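First up is the structure itself, then whatever we jot down about it.
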Amino acid sequence: MPGIFEENRIIGLLTKFDKNLSLSYLQKIKEFREELEEIGLIDRLTLIKDPTLANPIGFRLEFSDPILIMLSHPLCRMHARILYPIEFEWERFYVTQLGMLPVFFVDLNTITLIKFWSEAASQVPPQALRSILGKEAACMELRPKSRKIPYSTMNFLIAFGADLWKTKGDIDEIMRSYMKYSYWTVPKPGFSFSTHLLHTKASIKYVLKVAKTLCLIDKISSSTKFRIWNRTIKVHKIRIRMLTEKNGNFFFLKREAYLPDDVLRELLSIEERDKISIKESFLNAIVLEIKEKRRSFELLSIISDIGASYFELVQTLIAYTLMRTFNLSDNITFICNMDQLKMSFKNLLTQIGRYIRLPSTVSEKVENIFDIALQSLYPLFVVKEENVYFLHPTVFNYLRTKPQFANISQIKDKERLIKILIFLEKMNAKVPYMELYLDETLEMFRGESKKELLSKFFSLIRRMKIAKLLQRCF
């Protein structure tokens, strides 16, 4: 008899909340399953069925190694802790707690929910984290204990007693760069990538649809207040434009949205400090569509970056172009060559550049501004001769544990990093095993079993492929 998962309950709650959204989710799960079967990865995930439906309602991917997440006050703004009764029989039940904490899940490059149960729920957010949940996002390591950490295609992680540890070194800055430059999800209808569900035992209270893209603020007007999860949030009504695309065409969507008071104060502080104007800049930002049963509104919730120069625009559009190209391909490290990048970048800039007002700066007169901007995105994007590669956060998370890559963010490690990225693409191309085994790249990991290294690399490749499918199908 198939097991009963949390997804079995949630799909019913989602159907009651919004039938069309539920159908959208199930259709995308169907597409995801077909893609998994086509590339032979269906057996790498746990399939979740419902007795009333012919097709699966979800999948779970399990993590046995530590995973990286990012926390901050804006990211975790919608955290919740609720009482959650669990029945055993007609008259036997107990009440536990469910804690839900929105985070940036670095390894899969998405914003998701971590679910904490029982005593752990009372620690959401943990007391030790309160000082961390400030303006700057902080990277944490979630370490599994006796049980693996499952990730559901309904976009949540279950901690199962896993410990949260603060990462060391310069990882915070690199993880903020991943969120800033590699995480993009344009607004789209239906159940989209990074959508997450805030619920009680009996009903879904909020559906949060995440869009991460370039935004332009046209007007900031009156203030009001919202009541969410028994918390009052002061907001300001705004008019914005959000970058999106359809069939290769890029354009800005006009939106009426709201800006939390703390985000506005941050913007005004940056205006004062850097002597810039919000109306003559662009935001690399996250907009939450918050759906309740009878209403919905959009909240410009998180600012990853504010750009007020041509250099910053070039830097951001290069990253956007590279990730769009990467997500549409079947590669796991190789993105494109320089000619392809420049052509795609020019096309994007031509379509949207005239809508972005920026002050005149010296960067407009720098001849090789494109090359300088691309180099500044290292180690996320790495250039080797005329080819551009992506250091997927899954690979970064593995390499950071190796002494050979202790300084992975420094340019002096570029040649070793390039060898790894090319080798992984070689593995992805299904080169014969013995050729991989004899490849000199493995000699960098002296003292380690080549067989175990190859097994680990194959595991990383499978995980990256699944991450790309999630991005593509949802």
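Quick look at the numbers
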read-out: Filtered residue count, the range 293-329, keeping only those that are of a type in the set (D, E, K, R) and in contact (Cβ under 8 Å) with a residue 60 or more places away in the chain; value: 3
read-out: The range 66-84 - residue that is surrounded by fewer than 21 Cβ atoms within 10 Å (Cβ to Cβ) and assigned to a strand (DSSP E or B) and, of those, modelled with the lowest pLDDT; value: TYR84
read-out: Restricting the range 409-446 to residues that are part of a loop (DSSP other than H, G, I, E, B) and free of Cβ contacts under 8 Å to residues at least 40 places away in the same chain, the residue that is surrounded by the most Cβ atoms within 10 Å (Cβ to Cβ); value: ASP439
read-out: Yes/no for GLU37 being without any contact (Cβ under 8 Å) to a residue 12 or more places away in the chain, closer than 20 Å to ALA467 by Cβ and over 20 Å from the mean Cα position of the chain (by Cα); value: yes
read-out: Test for ARG227: is it more than 16 Å from the chain's Cα centre (by Cα), closer than 20 Å to THR316 by Cβ and either surrounded by 19 or more Cβ atoms within 10 Å (Cβ to Cβ) or not assigned by TED's automatic domain parsing to the domain that holds SER72 (or both); value: no
read-out: Condition check for LEU157: in contact with a Phe, Trp or Tyr (Cβ under 7 Å, 6 or more places away or on another chain), farther than 30 Å from LEU317 by Cα and assigned to a strand (DSSP E or B); value: yes
read-out: Hits in the range 47-64 - residues which are in contact (Cβ under 8 Å) with a residue 40 or more places away in the chain and surrounded by 15 or more Cβ atoms within 10 Å (Cβ to Cβ); value: ILE48, LYS49, ASP50, ILE57, GLY58, PHE59, ARG60, LEU61, PHE63
read-out: The lone exception for TYR94 - which of (1) at pLDDT 95 or above; (2) of a type outside the set (Lys, Arg); (3) touching a strand residue (DSSP E or B) at 6+ places or on another chain (Cβ under 9 Å) it fails; value: (1)
read-out: Qualifying residues in the range 341-368 (those that are out of contact with any strand residue (DSSP E or B) (no Cβ under 8 Å at 6 or more places or on another chain), modelled with pLDDT of 90 or more and buried (at least 16 other Cβ atoms within 10 Å of the Cβ)) - the one nearest to PRO393 (Cα to Cα); value: PHE345
read-out: Top-ranked residue of the range 377-408 - restricted to ones that are in contact (Cβ under 8 Å) with a residue 40 or more places away in the chain and within 12 Å of CYS336 (Cα to Cα), ranked as surrounded by the most Cβ atoms within 10 Å (Cβ to Cβ); value: TYR389
read-out: Flag if SER118 is at positive phi and modelled with pLDDT under 60; value: yes
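The values are calculated or read from the model by the stated rules, or taken from the named source; none is laboratory data. Fair warning: this is a prediction, and the values are worked out from it, not measured in the lab. Positions of Cβ are backbone-derived with ideal geometry, glycine not excepted, and every protein chain shown enters the neighbour counts.
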